[in-house]
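Below is one structure, written out as structure tokens, with a few remarks after it.
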């Protein structure tokens, strides 16, 4: 019989990011991160990037977020109650190095993460740590336009060295960069590289210089590879993973133009960054892309040597929806995570116009495993929705349960196909600030947080129906859905 069961030691958990949940944006010596200068927005009103913080005129959701900084014990206890055996989190660079370029770390920042890891250990929850999750020090944007400068490699490695030594006996699983492939799009300039080009005012409408953007991506490839080599020298038991924002794409029609465009989109958006990090090579097709688009930046022989020697051990990715690709500029469009596409007539969509495609997850898992042949974790997957807190404190989110249930079913199918899937950390463990819109009311968590888009609320936590459902899923190792 084909085995469609999850392996006995499967990682079940949930995901967070420091800038979207911690708050305490200037507490205990923390510096200003690029997230701290982003205002709130909506699906229709873009987030603004303000080089000077103006709290009289704007609301900055990361400044308090859901205040995990002061609620971490409560939040981790709730995750343990669900049955988590893994917790994906990130370490905010500016808690450790407030400006990014200091030579000595901020001890108060390290002490906070000491306490978080101790709390996770108390409940036997494995930390999965993203080193860089949209938390570049804003001072480095001023100093060198972020990752556009090669200087950032050394600053980042100084940060990594502190983490690897401090937590060498506490953390096994590391992700050097969140959704590193977002730098293949102009939207990635700000959140993923701290690049602020002249003329950029809004997050969704950034001035783009492809030479700088791809230089930044290259610098992150080099930094990741050197971090892997450094980490394994400090503790050979460390495991490192890529993290790809997987924008699964289908041709809208069987027209050869649509098929070729889809193949090109998949290679560029999904495969390029993982080819570099997992295979340790710059793939053939990217060289052609650079030539056709007249993109130039420095790549040294030492860079390529480091990339070849610093490959990651596992593949992780976010998956929320799929898109269609069409050569017809007039085809109907939908939104999406990082990028939208042509509307798929066979799929339903969320309130934010993201198409729901559980079978696309099975397709993606097979596609990825066939290409790389390394263990896979799904490190983000979930449904953003407008949840309603009832008077009795309940939140009935059957739509979220249905979404995650259907995706877990397809994970089982992929395991039956032979994919080595080792973990699932849906987005998100708890409600937090949405990156794309800065909203709180676009909720993803199993735990409801009483806070609205303007920052009002008690911050009290409530268990949603999905909390109890996911608890049973974990208890049964995915058998009870």
Quick check on residue 109: is it on the phi > 0 side of the Ramachandran plot, touching a helix residue (DSSP H, G or I) at 6+ places or on another chain (Cβ under 8 Å) and modelled with pLDDT of 95 or more?
no
Against the condition crowded, with 23+ Cβ neighbours inside 10 Å, closer than 25 Å to residue 267 by Cα and at pLDDT 95 or above, how does residue 178 come out, does it pass?
yes
Return yes or no: is residue 127 within 19 Å of the chain's Cα centre (by Cα) and without any contact (Cβ under 8 Å) to a residue 60 or more places away in the chain?
yes
Any chance segment 408-430 includes a residue that's farther than 23 Å from residue 88 by Cα and in a loop (DSSP other than H, G, I, E, B)?
yes
Filtering segment 336-350 down to residues that are touching a strand residue (DSSP E or B) at 6+ places or on another chain (Cβ under 8 Å) and free of Cβ contacts under 8 Å to residues at least 40 places away in the same chain, which residue is nearest to residue 417 (Cα to Cα)?
347
Inside segment 332-350, can you point out the residues that are in a loop (DSSP other than H, G, I, E, B), closer than 18 Å to residue 385 by Cα and at pLDDT 80 or above?
347, 348, 350
Please verify whether segment 389-401 includes one or more residues that are modelled with pLDDT of 95 or more, in contact with a helix residue (DSSP H, G or I) (Cβ under 9 Å, 6 or more places away or on another chain) and closer than 20 Å to residue 125 by Cβ.
no
Got a sec? Which of 433, 395 is touching a strand residue (DSSP E or B) at 6+ places or on another chain (Cβ under 6 Å), outside any helix (DSSP H, G or I) and under 27 Å from residue 67 (Cα atoms)?
395
If I filter segment 137-145 for residues that are farther than 19 Å from residue 106 by Cα, assigned to a loop (DSSP other than H, G, I, E, B) and more than 21 Å from the chain's Cα centre (by Cα), do I get at least one hit?
yes
Does residue 357 meet the test of being in contact with a strand residue (DSSP E or B) (Cβ under 6 Å, 6 or more places away or on another chain) and either in contact (Cβ under 8 Å) with a residue 24 or more places away in the chain or closer than 22 Å to residue 436 by Cα (or both)?
yes
Quick one: which helices (runs of 4 or more DSSP H) lie wholly within segment 213-331 and hold at least 2 residues that are touching a strand residue (DSSP E or B) at 6+ places or on another chain (Cβ under 8 Å) and at pLDDT 95 or above?
256-266
Any idea how many residues of segment 272-307 are more than 14 Å from residue 217 (Cβ to Cβ) and within 26 Å of the chain's Cα centre (by Cα)?
7
Here the qualifying pairs (Cβ atoms under 7 Å; residues six or more apart or on different chains; first in segment 37-65 and on the phi < 0 side of the Ramachandran plot and at pLDDT below 95; second surrounded by fewer than 18 Cβ atoms within 10 Å (Cβ to Cβ) and not in a loop (DSSP other than H, G, I, E, B)) come out as 46/202; 46/205
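The values are calculated or read from the model by the stated rules, or taken from the named source; none is laboratory data. Bear in mind that the values here come from a model prediction, so they are computed numbers and not experimental data. Reconstructed Cβ throughout: ideal geometry from the backbone, glycine too, with neighbour counts over all protein chains shown.
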